[in-house]
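The values are calculated or read from the model by the stated rules, or taken from the named source; none is laboratory data. The model shown is predicted, which means the values in this text are computed figures rather than measured ones. Glycine also receives a Cβ, built like all others from the backbone with ideal geometry; neighbour counts cover every protein chain displayed. Each accessible area value is taken on the protein alone, full model and side chains, heavy atoms only, with ligands, DNA and RNA left out. Shrake-Rupley method; radii C 1.70, N 1.55, O 1.52, S 1.80 Å.
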Amino acid sequence: MLTKRIIPCLDVKDGRVVKGVQFVSLRDAGDPVELATFYNEQGADELVFLDISATHEGRETMEDVVRQTAATLSIPFTVGGGIRTLEDMKRMLRAGADKVSLNSAALQNPEIIEEGARYFGSQCIVVAIDAKWSEQDNTWMVFTHGGRNRLDVEAVAWAKQAVALGAGELLVTSMDSDGEKKGFDLELMKAIRKEVNVPIIASGGAGNAEHFYTVLENADADAALAASIFHYKETSVEEVKSYLKNKGVSIR
Amino acid sequence: MKVGIVDYGMGNLFSVEQAVKRLGYEVIVSSEIEQLKQADAFILPGVGAFADAIGCLEKTGLNHFVYEIAEQQKPLLGICLGMQLLFEDSEENGFFKGLGIFKGTIRRFDDEKVRVPHMGWNNLTFTPNWQEPKELVDYYVYFVHSYYGVDLAPEQLVAYAEYEGIRVPGIVQKGNVTGMQFHPEKSGTCGMTLLKNWLQQVEGETQS
């Protein structure tokens, strides 16, 4: 039986993990490979690296991070951030990433999803959607730049279009829930779940183990992603997974 | 023992190469038949579309090389799309002939019935056709695919995973040729154990 996935997300800037990861047990908590190894040992089902480097050099460093991770670990991982072209995708996939995640590049040029899916297969094209509820529109709208820029694009419609173009998975982040630690945005996840048939990774709002249970069971997400609660040790991947297992969720 | 990874231009070879190296084996990654011939065992990887992959194999002449390996009873492991290529044919984007080493067809999961791709960790059940490795501590392996093998020869099926009532072939074997639908190189302890087991088995055979 296919299991639900728990995915820690690492923000990487110029080859270093940022957002103040606190692990006394690690020699170098800023080293993405060391942190990835730690999460692997904790039972993480997958990892997401989000490259937030602003420079060309920073992004080149990301390729090394990917290569070292693939050389060290045998679990799947996705790389997002700064991937704009087929060439960018190819570099990351060749370096050992299993999937690439497209966000603003896909919004600017949706054909990139189609091209990526054709060359590399849908299974390695993830489309990341940052959505926020809009009272004015009475639906969720797509945002970019960490929730600062509102686009004139409805999130659910964009999810459908992305899948039609060949996205093999969606990484859906609720900008309303993100950082609040009050739980995932179930309504958003359900609204997208109803319209697409690819796996969905829910993101934004994880505060405790029960939040994972709710989004995986009640909103039927296939995977749930979190960053700070794992990094700041508010809970651990191990704890979340054993909680879910006890509740009868199919977990590795 | 040297392991040759057949590079026909499709997919992520780096992770497979690194996994085999971590297990202590020498690796030759090449698209050149002469270079590959120095290897004792072979891995046919692959990510992408069936037709593109068959096209690449034919264009490079590596399809003949793969047949040759199988005929000479040299060990061959197809992974993911690399396994699918070893079946008779595929219905991915049309109808395409495969290499025909395994009996069966590659067909798309029914979008109406299940979520496609079949993506994530699923557990393997072994059939009586194979002695499962004793050192396995769990059976979870990482799958990521939208097409799967149907109409197999029952005696060629070694292990399968259940996906919403569908039996997804996980490991197939015929003589010296093995196929794994999941990615052993991305499947944690279980995947590495299965890969190690295959390598040790073929190492034993190449030495005897």
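Hey, among A:Val79, A:Val66, which residue is within 14 Å of chain B (Cβ to nearest Cβ), without any contact (Cβ under 8 Å) to a residue 40 or more places away in the chain and closer than 19 Å to A:Val172 by Cα? Can you show your working first?
On the way: A:Val66 fails: closer than 19 Å to A:Val172 by Cα.
Residue meeting the stated conditions: A:Val79.
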Scanning the stretch A:222-251 residue by residue, the ones that are more than 19 Å from the chain's Cα centre (by Cα) and crowded, with 22+ Cβ neighbours inside 10 Å total 1
Would you call A:Ala219 over 15 Å from the mean Cα position of the chain (by Cα) and open to solvent by 10 Å² or more (accessible area, probe 1.4 Å)?
-> no
Which residue pairs have Cβ atoms closer than 6 Å, lie 6 or more positions apart in sequence or on different chains, and pair a first residue in the stretch B:112-136 that is facing another protein chain (nearest Cβ under 10 Å) with a second residue that is open to solvent by 10 Å² or more (accessible area, probe 1.4 Å) and basic (Lys, Arg)?
-> B:Trp121/A:Arg252
Answer yes or no as to whether A:Glu154 is under 30 Å from B:Gly82 (Cβ atoms) and charged (D, E, K, R).
-> no
Looking at B:Phe126, is it open to solvent by 30 Å² or more (accessible area, probe 1.4 Å), aromatic (Phe, Trp, Tyr) and farther than 26 Å from B:Met10 by Cβ?
-> yes
Starting from the stretch B:35-51, keep only residues that are away from chain A (no Cβ under 14 Å) and open to solvent by less than 10 Å² (accessible area, probe 1.4 Å), then list their pairs with residues that are part of a loop (DSSP other than H, G, I, E, B) and aliphatic (A, V, I, L, M) whose Cβ atoms are within a distance under 7 Å, requiring at least 6 positions of separation or different chains.
-> B:Ala41/B:Met1; B:Leu44/B:Leu85
When the stretch A:128-159 is examined, which residues are found to be of a type in the set (D, E, K, R) and either within 18 Å of the chain's Cα centre (by Cα) or open to solvent by less than 50 Å² (accessible area, probe 1.4 Å) (or both)?
-> A:Asp130, A:Lys132
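Specify which of the listed residues (A:Glu187, A:Glu111, A:Glu169) is open to solvent by 10 Å² or more (accessible area, probe 1.4 Å), modelled with pLDDT of 95 or more and closer than 27 Å to B:Lys113 by Cα.
On the way: A:Glu111 fails: closer than 27 Å to B:Lys113 by Cα; A:Glu169 fails: open to solvent by 10 Å² or more (accessible area, probe 1.4 Å).
The conditions single out A:Glu187.
Among the strands (runs of 3 or more DSSP E) contained in the stretch B:124-173, which hold 1 or more residues that are closer than 17 Å to B:Gln201 by Cα? Talk me through it step by step, then tell me what you get.
Values: elements: B:140-145, B:147-150, B:157-163.
Those strands (runs of 3 or more DSSP E) span B:157-163.
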